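Peer 1: Please see the structure below; I have some questions.
Every number here is computed from the coordinates shown, using simple stated rules; none is lab data. For clarity, every value in this text was computed on a predicted model and none was experimentally measured. All Cβ positions, even for glycine, are placed from backbone atoms using ideal geometry, and neighbour counts span all protein chains on display.
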2 protein chains.
Amino acid sequence: MTALQTTILENINSPADVKKLSLNEMKILAQDIRQGILNRVDKVGGHLGPDLGIVEATIALHYVFNSVFNSPQDKFIFDVSHQVYPHKMLTGRKQGFLDPLNHPEISGYSNQNESEHDHFMIGHTSTSVTLATGVAKARDLKGEKYNVIALIGDGSLSGGEAFEGLNNASVLGSNFIVIVNDNEMSIAENQGGLYKNLKELRDSNGTCTNNWFKAFGFDYIYVEEGNDIETLIKAFESVKDSVRPVVVHIHTLKGKGFEKAEQNKEWGHWSIPGLISQNLSPSGGNAPECYETITKEYILNKVKEDPSVIAINAATPGVFWWDKEFRNKLGKNYTDVGIAEQHATGYASGLAMNGAKPIFGVMTSFIQRAYDQLSQDLALNNSPATILVYWGGISSADCTHLGLFDIPLICNIPNIVYLAPTCKEEYLRMLDWSVEQNEHPVAIRVPASNYIVSGTEDKTDYSILNKYKVAAKGSKVAIIGLGDFFELGKQVKEELKTKLNIDATLINPRFISGIDEDLLNSLKSNHDIVITLENGTLDGGFGEKISRFYGNSDMKVLNYGAFKEFNDRVSMSELNKKYHLTKELICQDIQKII
Amino acid sequence: MTALQTTILENINSPADVKKLSLNEMKILAQDIRQGILNRVDKVGGHLGPDLGIVEATIALHYVFNSVFNSPQDKFIFDVSHQVYPHKMLTGRKQGFLDPLNHPEISGYSNQNESEHDHFMIGHTSTSVTLATGVAKARDLKGEKYNVIALIGDGSLSGGEAFEGLNNASVLGSNFIVIVNDNEMSIAENQGGLYKNLKELRDSNGTCTNNWFKAFGFDYIYVEEGNDIETLIKAFESVKDSVRPVVVHIHTLKGKGFEKAEQNKEWGHWSIPGLISQNLSPSGGNAPECYETITKEYILNKVKEDPSVIAINAATPGVFWWDKEFRNKLGKNYTDVGIAEQHATGYASGLAMNGAKPIFGVMTSFIQRAYDQLSQDLALNNSPATILVYWGGISSADCTHLGLFDIPLICNIPNIVYLAPTCKEEYLRMLDWSVEQNEHPVAIRVPASNYIVSGTEDKTDYSILNKYKVAAKGSKVAIIGLGDFFELGKQVKEELKTKLNIDATLINPRFISGIDEDLLNSLKSNHDIVITLENGTLDGGFGEKISRFYGNSDMKVLNYGAFKEFNDRVSMSELNKKYHLTKELICQDIQKII
């Protein structure tokens, strides 16, 4: 693979170089940047549509503001980093887009370790205005002068922290510039009254009476031609060094310059590798059966039986494969609340408390945005809503999107029943039990890998809480394999037999949030060691509760899972080695203490 | 103590009785309710100002809406429950206000276990609109017809979940009524651009151009006379059965009818017992030295040295005794962000990342509203902000305000250093280290009780992380007493000596968020039992990490702390007995396994 050749970008090594360009050269630069985005996304995947839409604005930002010359320099803070690729290319990191050899060197997110032009590590939405308010206040306290610019858009405005930030930024009393990148979209469609107001503003060229930003006290400028560099430069120049908080609302085209992404904006938001080289397209084929497909089928059937069943998500329907066809079939039995996990959780609780049957699908990394709602709105009320937690587990993901923390987050809140199925049959049984019962808030950790069809019907009554299942009775060593790590448990059992001639007991706990005291006590009679396996962080997790339980006994306990750390794109082989998550390493550990 | 006699309230046993009253009788009822509020708050403490202000509106609500006659009935959801006392008095619970014998029977918060007229247990702010959106959607899915009314105010609008709720409620497409109780206050003063807009609306009698609610798409009515029953009845009648989302903005007087609370609204927000009987007043006397006073003194001195130091809180300055004098002295070095813990956390991170020295004070129960900000905005960025966590620990508090969950919440997030001082000297040393260092996000658990002056200067270098301090060397049993439970550890040590003639080792871990592996390993040589004591929930907490550490060894470990449960006003003696948090019970446990 060779590096992509470009015309102007070739010579851009820092924002200082952007300032030397003519308008025509900047237009060619925009083409170069688009090629760079497509080149990288084709090779390693990443955010596509939002980055393609923000190319011109990023060039104009670096042209107008002093992001490198002056000291202290103007500071840009890019919300959620969906729109940070062009900025990266203009700030010394273009090779990460142009040359496949350099792709791994840069992350897909804002990252202060990569460049002095990034000020934060950012991957969750709706944080930019809040962080920038802190940056601006620090500037003011230290008596410094420069522009602080938060760039927010792509659905991020609907998250509560964005609102809390705007409410406070608007009374900061000094320079503060918010660029609202309005590409008419969230990850999927935008949701809510605020976005209706944005449409009204677009339709009236920014002149309509109701103006959400002005109501906060912001000055306000509307830029219809949000992909025209010249217009953007004028707009940014007009607010530069403003001493009042100001919103620049720019209307851009998500996916601009790549036809398939322009035409199907939801599909074009983020792409797996192969965009061009494998000619990926929105249609796709029929997927093989998996947790995503059986969940959809379950929900569709259930809604037919019971009109009070409702599927909820917070702006990421694609994660669960809740495509347009699925959404259309559900109609009023579907709500996308936009990027608003707090609302989604409380909304689900309100629905369940008033007799409906909500099923809220959410990514591990994002359910943590709603801890207080899980605790107060849901658990304290024993509201019988169902939450499906996807993508939990140890992975090579970016440090901003780790699926490691859901177990400590959820299983330590009283009243919530957190379940870990190990196969299709258990999952569907748990799901239906949860939807039909009326006693507990229930979360189910949908396995992120290991789609297992056991072939055996699960007839468990999950209303009898915290009953673990003994999959195989043995002695000396008991293996408790939680959720998708039950498969690792099976491997360890085999290895123990082969290497140490131990017939280990194998247990599928199914309940993350509680202890089966009777079973654990019964193990004491003929076991010396219990090992726990969980696909998540150990600190505050499932295994520690087993360790605590056995603290007053002679039982030895080994907990396996991830350490407490933010890993950034570390390979699974490295992590498995470090955390001893292989049958060989676990057997060696057991051998040492047996 | 005898029950208070009232004129009209005497005969009100349900909302049905309110409907029979004449306007004059309702005015007398308002006086009765005020007497009831004052009577209860004088005896048991509670929310005063917000309840006094909402009396007339509550009478009008029950007069206009069918909160009992029809089935299904109209549903009121009271945000944060600061304003729920009059509602309680009209819905069969008046004796809880009138008769001291009945005071303990009702809680200070909305509680569905007390009455069918309450629909949720609510004690945290900004949740009403979200919960009500779920209630309304369930109504629509089931094809039912009634009014759903969220009553929000008293500062709660600035919390992110309120905004997320409004954004989605505004597009619900069916009946949804939001009553904004604008008493010009939060717990302290209101903060932010939104509240400037409320003032503009008040000043223009609701007619000004910028209207935050209309920008969402809500219909909007302004009621200047928010304490006039007749006016309120007309306003509520005009929106009853509305099929569009509507906001009724009512202007009320916080503290109405009790002069001291009208004149000092912040003081009158909530009162300890003795309001009338002890003639409590805002002035107060000089407080003895305690963690609150030394923190204030530290901050004031620090700001003089370094203008980049800034004290932050989210609408609860009174919790930290940050009174007006303190706030005025700090000037620009103080920010109250309003009820907006997410913003406060991200704002602190932004400040620290740009070289300022933020100190964010927060209550245990409310820091959980910012988990994702702790994780993403703060910890992932290793932003060296300081967070002071107040009121952590086991208590007889309402189930909505427990201080039990901060340790699992904070100590399982990578990078955050969570510290537990045991005395004044340690606390000040930790605080100053945290403010001056530049490496870690730091949280300090300010002891909620046990103000101990050890008299010995603490010279510890806290940049050497996770070094526990051995307070007394012994053998057989090692006691690890965390933070304010170090005192309990001392008692257990004495009891062990007296009863079992054991010279136990006593350890002050100081670090909640990490393990001192060297020390713990060294204990193996001459100790058989380690006990951990923590003033919080065991699940996901500090002690479980010690249990995990010793899992592969012969060391026995006993963890002491609270169980995973939401207790509601349970006495400390009962809890201490249940959790074995006395020296006698702990020694008995040790004796059993030694």
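Peer 1: For A:Ala352, what charge total do you get from the other residues with a beta carbon under 14 Å from its beta carbon, if Lys and Arg give +1 and Asp and Glu give -1? Intermediate results must be reported in sequence, preceding the final value.
Peer 2: Details: positive: A:Lys357, B:Lys137, B:Arg139, B:Lys142; negative: A:Asp306, A:Asp377, A:Glu436, A:Glu439.
Spelling it out: positives minus negatives among the neighbours equals 0.
Peer 1: So, one more: Compute the distance in nm between two label points, each set 7 Å from the Cα along the Cα-to-Cβ direction, one at A:Trp321 and one at A:Ser174.
Peer 2: Each label point is offset 7 Å from its Cα along the Cβ direction, giving 5.3 nm.
Peer 1: Now for a separate question. If you filter the stretch B:16-67 for trypsin sites (Lys or Arg not before Pro), then keep DSSP loop positions with at most 11 other Cβ within 10 Å, what is left? It would help to have the intermediate numbers written out before the result.
Peer 2: Values: sites: B:Lys19, B:Lys20, B:Lys27, B:Arg34, B:Arg40, B:Lys43; in loops: B:Lys19, B:Lys20.
When the trypsin sites (Lys or Arg not before Pro) of the stretch B:16-67 are filtered for loop state and at most 11 Cβ neighbours within 10 Å, B:Lys20 remain.
Peer 1: What does the copy distance list look like for B:Asp503, label position 7 Å along Cα→Cβ, in nm and ordered from shortest?
Peer 2: Label point to label point, same position, other copies: 5.1 nm.
Peer 1: Could you state the orientation-averaged shadow area of the convex hull built on the Cα atoms of the stretch A:1-101, in nm² to one decimal? Present the calculation step by step, with values, prior to reporting the outcome.
Peer 2: Numbers: hull surface 24.5 nm².
For the stretch A:1-101, the mean projected area of the Cα convex hull comes to 6.1 nm².
Peer 1: Can you tell me which lysines have their Cα less than 16 Å from the Cα of B:Lys324? Leave out same-chain residues fewer than eight positions away.
Peer 2: B:Lys265, B:Lys296, B:Lys332
Peer 1: Net charge around A:Arg445, counting only other residues with Cβ within less than 11 Å of its Cβ (Lys, Arg = +1; Asp, Glu = -1)? Present the calculation step by step, with values, prior to reporting the outcome.
Peer 2: Details: positive: A:Arg510; negative: A:Asp406, A:Asp484, A:Glu534.
Residues close to A:Arg445 contribute a combined charge of -2.
Peer 1: Beyond 18 Å, what percent of the Cα pairs of the stretch B:22-159 remain? Intermediate values should be presented prior to the final figure.
Peer 2: Working: 5181 of 9453 pairs.
That fraction is 55 percent.
Peer 1: Quick check on chain A: helices-only [θ] at 222 nm, where DSSP H runs of length 4 and up contribute -39,500 (n - 2.57) each and the sum goes over total residues. Nearest 500, please.
Peer 2: Details: 23 runs with 213 residues, N = 594.
Calculated at 222 nm, the ellipticity per residue is -10000 deg cm²/dmol.
Peer 1: Axis carrying A onto B: which residue of A has the nearest Cβ, and how far, whole Å?
Peer 2: Whole-Å result, nearest residue of chain A to the axis: A:Gly160, 1.
Peer 1: Moving to a separate point now. Past the 16 angstrom mark, what percentage of all C-alpha to C-alpha distances in the stretch B:433-505 do you count? Mind dumping the intermediate values first?
Peer 2: Details: 1612 of 2628 pairs.
Roughly 61 percent, rounded to a whole number.
Peer 1: Here's another thing I want to ask about it. Based on the inverse mean of 1/r over its pairs of different Cα atoms, what is the Kirkwood hydrodynamic radius of the stretch A:368-511, in Å?
Peer 2: Details: mean 1/r = 0.0614 Å⁻¹.
Radius from the Kirkwood sum: 16.3 Å.
Peer 1: Counting only other residues whose beta carbon sits under 11 Å from that of A:Asn535, what net charge do I get with K and R as +1, D and E as -1? Provide the component values of the computation, followed by the final result.
Peer 2: Working: positive: A:Arg445; negative: A:Asp406, A:Asp484, A:Glu487, A:Glu534.
Computed value for this residue: -3.
Peer 1: Taking Cα atoms, how many degrees apart are the long axis of helix A:193-203 and the longest axis of chain A, rounded to 10 and kept between 0 and 90?
Peer 2: 30
Peer 1: Further question on the same structure: Measure nothing fancy, just the Cα-based angle from helix B:128-141's long axis to the longest principal axis of chain B, in degrees from 0 to 90, nearest 10.
Peer 2: Orientation of helix B:128-141: about 60 degrees from the principal axis.
Peer 1: Moving on. Of all DSSP beta bridges in chain B, what percent run antiparallel (nearest 5)?
Peer 2: Numbers: 9 of 65 bridges.
Restricted to chain B, the bridges split so that about 15 percent are antiparallel.
Peer 1: Kindly give Rg over Rh for the stretch B:291-445, based on alpha-carbon atoms, with the Kirkwood expression for the hydrodynamic radius. Display every interim value, and only then the final one.
Peer 2: Numbers: Rg = 14.2 Å, Rh = 15.3 Å.
Reported Rg/Rh (Cα atoms, Kirkwood Rh): 0.93.
Peer 1: Let me ask something else about it. How far, in nm to one decimal, is A:Asp432 from itself in the other copies if the label point is set 7 angstrom along Cα toward Cβ? Shortest first, please.
Peer 2: Ordered by increasing distance: 6.7 nm.
Peer 1: Next up: When each copy gets a label point 7 Å from Cα toward the beta-carbon at A:Lys234, what are the spacings between them in nm, shortest first?
Peer 2: Label-point distances to the other copies, shortest first: 5.0 nm.
Peer 1: Still on this model: Run the quick spin-label model on A:Val570 and A:Thr498: label points 7 Å from Cα toward the beta carbon, then report their separation in nm to one decimal.
Peer 2: Taking the two extended label points, one gets 2.7 nm.
Peer 1: Further question: From zero outward in steps of 5 Å, how is the percent of C-alpha pairs of the stretch A:165-321 spread across the bins?
Peer 2: 2, 7, 13, 14, 15, 13, 11, 9, 8, 5, 3, 1, 0
Peer 1: Shifting gears a bit: Ratio of Rg to Rh for the stretch A:397-442, alpha carbon only, Kirkwood? Could the numbers behind the result be given before it?
Peer 2: Numbers: Rg = 13.1 Å, Rh = 12.4 Å.
Rg/Rh for the stretch A:397-442 comes to 1.06.
Peer 1: Could you estimate the translational diffusion coefficient of the protein assembly as shown from the Stokes-Einstein equation, with Rh from the Kirkwood formula over C-alpha pairs, at 25 °C and 0.890 mPa s, in whole µm²/s? Walk me through the numbers before you get to the answer.
Peer 2: Numbers: Rh = 31.0 Å.
For the chosen part, D equals 79 µm²/s.
Peer 1: Using the Karplus curve 6.51 cos²θ - 1.76 cosθ + 1.60 with θ = phi - 60°, what ³J(HN,Hα) values do you get for each residue of the stretch A:555-567, in whole Hz, with x for Gly and Pro?
Peer 2: 5, 8, 10, 10, 9, 10, x, 8, 6, 7, 6, 9, 7
Peer 1: Kirkwood hydrodynamic radius, computed over distinct alpha-carbon pairs, for chain A: how many Å, to one decimal? Please report the intermediate quantities before stating the final value.
Peer 2: Details: mean 1/r = 0.0388 Å⁻¹.
Here the Kirkwood hydrodynamic radius works out to 25.8 Å.
Peer 1: Then there is this: In whole Hz, with x marking every Gly and Pro, tabulate ³J(HN,Hα) for the stretch A:263-270 from phi via Karplus 6.51 cos²θ - 1.76 cosθ + 1.60, θ = phi - 60°.
Peer 2: 7, 10, 5, 5, 4, x, 4, 9
Peer 1: Report, largest value first, the span of the C-alpha coordinates of the stretch A:267-370 along each principal axis, in whole Å.
Peer 2: 51, 32, 21
Peer 1: Using alpha carbons only, how many degrees (0 to 90, rounded to 10) separate the axis of helix B:291-305 from the longest principal axis of chain B?
Peer 2: Tilt relative to chain B: about 90 degrees.
Peer 1: How big is the stretch A:13-271 by Rg and Dmax over its Cα atoms, in Å?
Peer 2: Over the stretch A:13-271's Cα set, Rg and Dmax evaluate to 16.9, 52 Å.
Peer 1: Under the rule a/c < 1.5 gives rounded, and otherwise a/b versus b/c splits prolate from oblate, where does the stretch B:136-200 land using the Cα gyration tensor?
Peer 2: On the way: a/c = 2.92, a/b = 2.43, b/c = 1.20.
Judged from the Cα gyration tensor, the stretch B:136-200 comes out prolate (a/c at least 1.5, a/b above b/c).
Peer 1: Based only on Cα atoms, what mean projected area does the convex hull of the stretch A:469-593 have, in nm²? Could the numbers behind the result be given before it?
Peer 2: Values: hull surface 29.4 nm².
Mean orientational projected area (the stretch A:469-593, Cα hull): 7.3 nm².
Peer 1: Please arrange A:Trp270, A:Trp212, B:Trp267 by how many other C-beta atoms lie within 10 Å of their C-beta, fewest to most.
Peer 2: A:Trp270, B:Trp267, A:Trp212
Peer 1: Ok, one more. Residue separation times 0.36 nm, minus the C-alpha to C-alpha distance between A:Asn450 and A:Gln278: what's the value?
Peer 2: Details: separation 172, 0.36 × 172 = 61.92 nm, distance 2.62 nm.
Computed gain between A:Asn450 and A:Gln278 is 59.3 nm.
Peer 1: Each residue of the stretch A:80-88 in order: what ³J(HN,Hα) in whole Hz does its phi give by Karplus 6.51 cos²θ - 1.76 cosθ + 1.60, θ = phi - 60°, with x for Gly and Pro?
Peer 2: 6, 6, 4, 10, 9, 4, x, 4, 4
Peer 1: Given labels modelled 7 Å from the Cα in the Cβ direction, how far is it in nm from B:Lys19 to B:Phe563?
Peer 2: That separation, rounded to one decimal, is 4.4 nm.
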